[in-house]
Amino acid sequence: MPATDYQGTSSPLTNIGRSLLPVRRDQVHAMESPIGGSASNEAEIESFQRRVADRFHDLASAPSDELLSLPWVRKLLDVFLCCQEEFRVILFNNIALVKKLPMDRLIADFYERTVKALDVCNAIRDGIEQIRQWQKLLEIVLCALGDSNVGYQRSLGEGQFRRARKALIDLAIGMLDEKDSGQALAHRNRSFGRHNTSGSHSKDHHHRSLGHFRSLSWSVSRSWSAARQLQAIGNNLAAPRGNEVLATNGLAVPVYTMGSVLLFVMWALVAAIPCQDRGLQVHFNVPRQFPWSAPILWLYERILEESKKRDRKNACGLLREIYQMEKCSRLLGELADSVQFPLSEDKEREVKQRVKELEQVLDALKEDLEPLEKQVREVFHRIVRSRTEGLDSFARGHNPE
């Protein structure tokens, strides 16, 4: 469904369902609070819930041609960093309660999830490096066939096409999803004009090329699985029960909120960026009374639908720029296979149009890929810093001087 369906059917997010906090407000107010007043604490937590909801509402309102694009993924990471910082402040403001049962257990569980997210960040940075290698191959194609190389007075020759075709074949091999590698390789080789009857030659070239790409990345172990890691992050992530909300003076709610945000953001990164054993089989079971549940669940459904599209099922990543890269290179490769020399004016114009489309994809990668990598690195360091600060606070609480 288009993004407008979400906008048209949703009421203001602050009115979705009913917050867990006011479930037994009279009981909460009657409790003796160790942190100086439950009313202000409740207002701080509800304000955090609303801001999380507003940010994800903005992300969910993205049109289909922007969803899972590099700018959208960068915006998603900005949202995570903002939520993480506000969550850190809430914990700092309530440090006395954080050190007590059952809050200390809930926080310890959350920090354990964040440790698992660090591996996802590493795998995503490897995937970004892999995209960078594909970008270099596109630059070879652009250099071979672009106007800057041949000028407007010279016709494109066989040498330029041989160079471009080789880079396009290497790109197609590098972009193969492991689940579909053998069959797709044969299809791609045909589309690029390699009607090689020697299966062993094709297979050898395939393994050499994949080995080359893997040697440039994959800092996580070869047995590591993104799908299993996501399941580990979401393991036992459940909405707090009423007695937990009361016993923690409401702080169990932002802990659950941040755990859910962490899981969704890591899942969306794995969906978008190439990484080992990508799998999107993570079930989000978020109660509707949380104001941020509607936009997150809507994004979850949209991304799942994107992954089920016929031309995306075997993609190595749902990032929109990867799709555009694959589409442009495939069309250009098919065109390169069909040309005869000397080129007719019509064919040369068609080639230049395809090259122009490829150049636009390259411009998008040049603009956003490096900033995205810096953001992933910042997410990694922010998680580490937040966890370290939290553990230091626990240590001081249990070992007062």
Worksheet entry | In the stretch 318-361, residue least open to solvent (accessible area, probe 1.4 Å) [restricted to those that are charged (D, E, K, R) and under 16 Å from ILE131 (Cα atoms)] | GLU321
Practice prompt. Just name the residue that is modelled with the highest pLDDT out of those in the stretch 209-224 that are assigned to a loop (DSSP other than H, G, I, E, B) and surrounded by fewer than 18 Cβ atoms within 10 Å (Cβ to Cβ).
Written response: TRP224
Item to complete: Output the number of the condition that ALA315 fails; it satisfies all remaining conditions of (1) among the small types (Gly, Ala, Ser); (2) free of Cβ contacts under 8 Å to residues at least 40 places away in the same chain; (3) part of a loop (DSSP other than H, G, I, E, B).
Response: (2)
Discussion item. If I ask for residues that are within 13 Å of the chain's Cα centre (by Cα) and either assigned to a helix (DSSP H, G or I) or farther than 16 Å from LEU372 by Cα (or both), which ones from the stretch 60-88 would you list?
Written reply: LEU70, PRO71, TRP72, VAL73, ARG74, LYS75, LEU76, LEU77, ASP78, VAL79, PHE80
Worksheet entry | Residue satisfying all of: in the stretch 36-48; open to solvent by less than 10 Å² (accessible area, probe 1.4 Å) and of a type outside the set (Val, Ile, Thr); modelled with the lowest pLDDT among these | ASN41
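Let's see how each residue does on (1) on the phi > 0 side of the Ramachandran plot; (2) out of contact with any Leu (no Cβ under 9 Å at 6 or more places or on another chain); (3) of a type in the set (Gly, Ala, Ser); (4) open to solvent by 50 Å² or more (accessible area, probe 1.4 Å):
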site	(1), (2), (3), (4)
ALA53	no, no, yes, no
VAL73	no, no, no, no
ASN93	no, yes, no, yes
PHE110	no, no, no, no
VAL115	no, yes, no, yes
GLU129	no, no, no, no
LEU137	no, no, no, no
Worksheet, complete the sentence: Going through the stretch 283-303 in order, the residues found to be surrounded by 15 or more Cβ atoms within 10 Å (Cβ to Cβ) and either touching a strand residue (DSSP E or B) at 6+ places or on another chain (Cβ under 6 Å) or within 24 Å of PRO71 (Cα to Cα) (or both) are TRP292, SER293, ALA294, PRO295, ILE296, LEU297, TRP298, LEU299, TYR300, ARG302, ILE303
Response to the item:
Residue hits (the stretch 284-312; in a loop (DSSP other than H, G, I, E, B) and acidic (Asp, Glu)) are ASP311
Discussion item. Being aliphatic (A, V, I, L, M), farther than 29 Å from VAL270 by Cα and open to solvent by 30 Å² or more (accessible area, probe 1.4 Å) is the filter here; which residues of the stretch 95-108 pass it?
Written reply: ILE95, ALA96, LEU101
Worksheet item: Does GLU326 count as within 18 Å of ASP170 (Cα to Cα), touching a Ser or Thr at 6+ places or on another chain (Cβ under 6 Å), modelled with pLDDT under 95 and in a helix (DSSP H, G or I)?
Response: no
Worksheet entry | Among (1) crowded, with 16+ Cβ neighbours inside 10 Å; (2) assigned to a loop (DSSP other than H, G, I, E, B), the one test that SER155 misses | (1)
Practice prompt. Report yes if some residue within the stretch 372-383 is without any contact (Cβ under 8 Å) to a residue 40 or more places away in the chain and either open to solvent by less than 40 Å² (accessible area, probe 1.4 Å) or of a type in the set (Phe, Trp, Tyr) (or both); otherwise report no.
Written response: no
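The values are calculated or read from the model by the stated rules, or taken from the named source; none is laboratory data. The structure displayed is predicted, hence computed values, not measured ones. Don't worry about glycine lacking a Cβ; one is built from the backbone with ideal geometry, like all the others, and counts go over all protein chains shown. The accessibility values were calculated without ligands, DNA or RNA, using every heavy atom of the protein model including side chains. Shrake-Rupley method; radii C 1.70, N 1.55, O 1.52, S 1.80 Å.
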